[in-house]
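Written below as structure tokens is the structure these notes are about.
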2 protein chains.
Amino acid sequence: MAENRRKTAITPTREDDYAEWYQQVVRQGDLAETSPVRGCMVIRPWGYALWENIRDRLDAMFKETGHRNAYFPLFIPKSYLEKEAEHVEGFAKECAVVTHHRLEASPEGGLQPAGELEEPLVVRPTSETIIGATYARWVQSYRDLPILINQWANVVRWELRTRLFLRTAEFLWQEGHTVHETEAEAWEETVRMLNVYQTFAESFMAMPVIAGEKTAGERFPGAVRTLCIESMMQDRKALQAGTSHFLGQNFARSSGITYQSREGREEFAWTTSWGVSTRLIGGLIMTHADDDGMVMPPRLAPAHAVLLPIIRRDSDRERIMAYVHKVAAALRQERFDGAPVRVEIDDREVNAGEKGWEWVRRGVPLRVEIGPRDMEKDAVFVARRDRGPKEKTSLPWKQFVQNVGSELEDIQSSLFERALDRRERHTREVDTFSQLESFFTPVDGARPGIHGGFARAHWCGREECEKRINDELSVTIRSVPLEEEGFTEPGKCICCGNESRTRVVMAKSY
Amino acid sequence: MAENRRKTAITPTREDDYAEWYQQVVRQGDLAETSPVRGCMVIRPWGYALWENIRDRLDAMFKETGHRNAYFPLFIPKSYLEKEAEHVEGFAKECAVVTHHRLEASPEGGLQPAGELEEPLVVRPTSETIIGATYARWVQSYRDLPILINQWANVVRWELRTRLFLRTAEFLWQEGHTVHETEAEAWEETVRMLNVYQTFAESFMAMPVIAGEKTAGERFPGAVRTLCIESMMQDRKALQAGTSHFLGQNFARSSGITYQSREGREEFAWTTSWGVSTRLIGGLIMTHADDDGMVMPPRLAPAHAVLLPIIRRDSDRERIMAYVHKVAAALRQERFDGAPVRVEIDDREVNAGEKGWEWVRRGVPLRVEIGPRDMEKDAVFVARRDRGPKEKTSLPWKQFVQNVGSELEDIQSSLFERALDRRERHTREVDTFSQLESFFTPVDGARPGIHGGFARAHWCGREECEKRINDELSVTIRSVPLEEEGFTEPGKCICCGNESRTRVVMAKSY
Ligand SMILES: [Zn+2]
Ligand SMILES: [Zn+2]
């Protein structure tokens, strides 16, 4: 590495070691850290404030579409999992099992499990089964429908190879579970929630996504159809960022959710489920963060602007701080995205340069330095996180305050545009299997680096062709455009040459 | 029961069977229900919306006092509990222990635990130990202090005898954990958070509380001092509704939280912790609910007003619904407690009488019936939940809308006044042990019914006298007024006659 590169705030860079870069962004951006409990993370205040913003915004969208929150038990009796063979297949291999309800003194002087349970309990990997059992009690008649409930909760899936936010044993998520009288209503709900996720990802996370359907092989266990949003990360792999499942009558059948219809017949209900998790934060990072650390989209940033007083002599402190507080108060009178601008003042007695870089790594949209010379000019010295770290502008403070809302809007849309542009540059129409192969083959096998992207190619719909793509190239079909939404573009399967309704998106993925 | 009593919406009444009345209020008020998982509850949407309001209001108060939220792992390694003998004593007897991380097919055809963990994990009964271990890594220097963090989470304490909200195996709570440089700062924080809880209980829950200190015997395991708020329920028992612990250097010592002081010495930090839980909802119910069900204080009610269209002929439907929506829209323009008035419209095709009673049992502050005759008079027919269920007033709709904010204020303060008045009526100064005994002895031993209350009596501070009160009367010392706050009223212990600094509150309790 003899190149004359600018020193970056994060080492290594994306180009040098993408996986390690990701971990460093998370750690050095004060987002999260590993814990002494295998696979479980500590979400630090700055990272958790981001999650709170994600949660509150999504929650408002769920409520606007008629949903209410409820809370169901953390534990699931083992017998519930035994009932649903297909569903369980996916979860039994990786769940935390509670077998005892007490610790008692052991002969060696420590503590040992005691009070064995008659029936082991599983820590919920998802609440599908326990919610199904509850709904079976709640639903008697078509008058009880629809049920439109969401839950915010922690869930556990035992994972051996974990990565902060992307794959952890415990994670936070929301799971919507709805029950409907008719197939059409349940399908409409499935699509509605997919649209909510797409809107949230694009408008709030500034993360462009492709909405579509999973193939049979990639479906949620037990679902009839699984819809999803997929996003391209900076290493050009796809991340599944949210799913919405049309469960048909499968879950109603296994949970016994029946209702008396308008005609007086006993019928199985139609259900859906949909969820997103703290994984979204992983997606956010891999969409926007750069070699200097996290980059927060303003609509979700825990703080929109940080004010950094530069105090070189103690005798300046009082005057500068008064000026800083005046600017902060004025900023908080301004509005962005329907609420007051969120401002932090960092007056810790830490070296000013260090402090500035800390906020670069945390990804706050606007850094505002205020020193004696700025004060004399009634100015502030402003840097936008979506531009180079040294690119700073001196502005009259009143002008800065007056324009802060539109500046934040501009950052929000520039982040979206940049991500969309990246996706478009790395999306290719591919018409033969050998083109597909070369698209996903790095130039230098010894140092593969970042390569590939999204391939838009024809697929006949047969498992056999899908399997060939998976096996030979480690590429999966991420998204099939919905026929219901009118996506049709006939062609020939790149594997077998059979008819294909439309191109699908193929990619390597998380 | 030959009395000529009005039929109540809840059976039994408080007087007839208080414990069963409580369960029925919870169930019939759509707040929560038991689940198939022993000791765990399902919090229904109406109950969960109440919890969301509690959470959001408290959260805002925590943030105003400088705290931020974070998230720590659900699981605690067994070895962490082994380290802290005193702390664990209290929790080891009642915790869910995870011993396996997989289920596999059993020879009998079901599923059985597999993949035994090297070290069992405990589902957090509180996060004290895991947060302590994390803080030990975070804190190096006095510059890292204070740490002011709160967590909203689910916790599990294995309970055999459970009651919805009051005592459940899994419950939702918040736990604040703070670290300070000095003893004085940690003590100040302990008192500050006690005050936050008192303000929240009284101003939002309309639940008068007594703030004070626990005796040594009633302290949180490992705490140096435990402060608490105690409230009188309608059966005159005390409910501990929130605690704030001054932990001295005890937890810093066992978790290894040390910092380099301003003088360059390695010192143990000073810590606090404080929490409230879904138990608050139990307190809210037992403070305000009556023989017709739940009564929601307006500042926390999921809906402030429900509009109930009375449609007797189908041909009226359209006109009445238009009128109902006009009133709803006008109500939503009004503000109460800093936000728009929350309005629900219940237009389900259910018998109007039944529907009205449902909302009585749910405790919505204002029920607004709107039928053809009301519409003709430009009126609405309004009932307040804090008054008799038949006490309804016809009002011009514009007048109702205009006054809705002050009407809600009035309900809020009337609920507080009523609870305060009840507490005062059942609080007595007691000066001898025999007076204490007779205060806590029901008139008819065969049908004890509701009796007793809060006794304000002198106590010398000795464990021996406290034990006598506990053992002979099943009465505990609930609250000792804080000396720091100037509470001094010298007298003689009712057990032994020794000097006493002040009267303390004695009661039966939950
Ligand atoms: Zn094919
Ligand atoms: Zn005594």
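The values are calculated or read from the model by the stated rules, or taken from the named source; none is laboratory data. All values derive from a computational prediction rather than experimental measurement. Here the Cβ positions follow ideal geometry from the backbone for every residue, glycine too, while neighbour counts run over all protein chains shown.
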*Starting from region A:299-315, keep only residues that are of a type in the set (D, E, K, R), then list their pairs with residues that are surrounded by fewer than 19 Cβ atoms within 10 Å (Cβ to Cβ) whose Cβ atoms are within a distance under 6 Å, requiring at least 6 positions of separation or different chains.*
A:Arg299/A:Asp337
*For region A:418-432, name all the residues that are assigned to a helix (DSSP H, G or I) and surrounded by fewer than 18 Cβ atoms within 10 Å (Cβ to Cβ).*
A:Arg418, A:Leu420, A:Asp421, A:Arg422, A:Glu424, A:Arg425
*With the condition kept exactly as written, say whether any residue in region A:216-224 is modelled with pLDDT of 95 or more, surrounded by fewer than 23 Cβ atoms within 10 Å (Cβ to Cβ) and either hydroxyl-bearing (Ser, Thr, Tyr) or assigned to a strand (DSSP E or B) (or both).*
no
*Looking only at region B:437-450, which residues are modelled with pLDDT of 90 or more and in contact with an Asp or Glu (Cβ under 9 Å, 6 or more places away or on another chain)?*
B:Glu437
*Collect the residues in region A:436-466 that are in contact (Cβ under 8 Å) with a residue 40 or more places away in the chain and not in a loop (DSSP other than H, G, I, E, B), keeping them in residue-number order.*
A:Leu436, A:Phe454, A:Ala455, A:Arg456, A:Ala457, A:His458, A:Glu463, A:Glu466
*So which of B:Arg462, B:Arg428, B:Arg422 ends up being within 25 Å of B:Arg279 (Cβ to Cβ) and away from ligand 1 (no atom under 16 Å from the Cβ)?*
B:Arg422
_Index of the failed condition, B:Ser127 passing every other in (1) more than 9 Å from chain A (Cβ to nearest Cβ); (2) under 17 Å from the mean Cα position of the chain (by Cα)_ = (2)
*What are the residues in region B:472-489 that are within 14 Å of ligand 2 (Cβ to nearest atom) and over 26 Å from the mean Cα position of the chain (by Cα), if any?*
B:Glu472
*Of the residues that sit in region A:94-112 and are touching a residue at least 12 places away in the same chain (Cβ under 8 Å) and over 27 Å from A:Thr162 (Cα atoms), which one is farthest from the other protein chains (Cβ to nearest Cβ)?*
A:Arg102
*Could you identify the single residue in B:Glu52, B:Glu116, B:Glu82 that is at pLDDT 95 or above and facing chain A (nearest Cβ under 7 Å)?*
B:Glu52
*Sort out which residues of region B:490-510 are within 16 Å of ligand 2 (Cβ to nearest atom) and of a type in the set (Gly, Ala, Ser), and write them in order of number.*
B:Gly491, B:Gly497, B:Ser500
*Quick one: would you say B:Val295 is assigned to a strand (DSSP E or B), among the hydrophobic types (A, V, I, L, M, F, W, C) and in contact with a Gly (Cβ under 9 Å, 6 or more places away or on another chain)?*
no
_Checking B:Arg44 against (1) crowded, with 24+ Cβ neighbours inside 10 Å; (2) modelled with pLDDT of 95 or more; (3) at the interface with another protein chain (Cβ under 7 Å from one of its Cβ atoms); (4) closer than 30 Å to A:Ile147 by Cβ: exactly one of these is not met. Which one?_
(1)
*Is there any pair linking a residue in region A:483-510 that is under 30 Å from A:Tyr18 (Cα atoms) to one that is in a loop (DSSP other than H, G, I, E, B) and of a type in the set (A, V, I, L, M, F, W, C), with Cβ under 7 Å and at least six apart or on different chains, and which?*
A:Val504/A:Trp459; A:Met506/A:Val475; A:Ala507/A:Val475; A:Lys508/A:Phe440; A:Lys508/A:Val475; A:Tyr510/A:Leu166
*A:Pro12 at the interface with chain B (Cβ under 7 Å from one of its Cβ atoms), under 24 Å from the mean Cα position of the chain (by Cα) and more than 30 Å from B:Glu118 (Cα to Cα)*: no
*Give just the number: which of (1) free of Cβ contacts under 8 Å to residues at least 40 places away in the same chain; (2) on the phi > 0 side of the Ramachandran plot does A:Phe165 not satisfy?*
(1)
*Those residues that are of a type outside the set (A, V, I, L, M, F, W, C), within 19 Å of A:Trp359 (Cβ to Cβ) and within 32 Å of the chain's Cα centre (by Cα), I need them from region A:379-409; list them, please.*
A:Arg384, A:Arg385, A:Asp386, A:Arg387, A:Gly388, A:Pro389, A:Lys390, A:Glu391, A:Lys392, A:Glu407
_Given the condition over 26 Å from A:Gly282 (Cα atoms) and either more than 16 Å from ligand 2 (Cβ to nearest atom) or modelled with pLDDT under 95 (or both), answer yes or no: does some residue in region A:411-429 qualify?_
yes
*For region A:155-212, which residues satisfy the criterion of being at pLDDT below 95 and of a type in the set (Phe, Trp, Tyr)?*
A:Trp158
*Is it fair to say B:Gly388 is within 30 Å of B:Asn351 (Cα to Cα), out of contact with any helix residue (DSSP H, G or I) (no Cβ under 9 Å at 6 or more places or on another chain) and either away from ligand 2 (no atom under 16 Å from the Cβ) or within 14 Å of chain A (Cβ to nearest Cβ) (or both)?*
yes
*Which pairs have Cβ atoms under 8 Å, sit 6 or more apart or on different chains, and link a residue in region B:45-71 that is closer than 18 Å to B:Pro298 by Cβ to one that is aromatic (Phe, Trp, Tyr) and part of a strand (DSSP E or B)?*
B:Trp51/A:Tyr71; B:Arg55/B:Trp152
*What number goes with the only condition from (1) in contact (Cβ under 8 Å) with a residue 12 or more places away in the chain; (2) surrounded by fewer than 23 Cβ atoms within 10 Å (Cβ to Cβ) that B:Met205 does not pass?*
(2)
*Of the residues A:Thr178, A:Thr168, A:Thr199, which is within 14 Å of chain B (Cβ to nearest Cβ), under 18 Å from the mean Cα position of the chain (by Cα) and more than 21 Å from A:Ile477 (Cα to Cα)?*
A:Thr168
*Any hit, region B:472-484, residues being more than 16 Å from ligand 1 (Cβ to nearest atom), farther than 15 Å from B:Ala216 by Cα, of a type in the set (Lys, Arg) and surrounded by 13 or more Cβ atoms within 10 Å (Cβ to Cβ)*: no
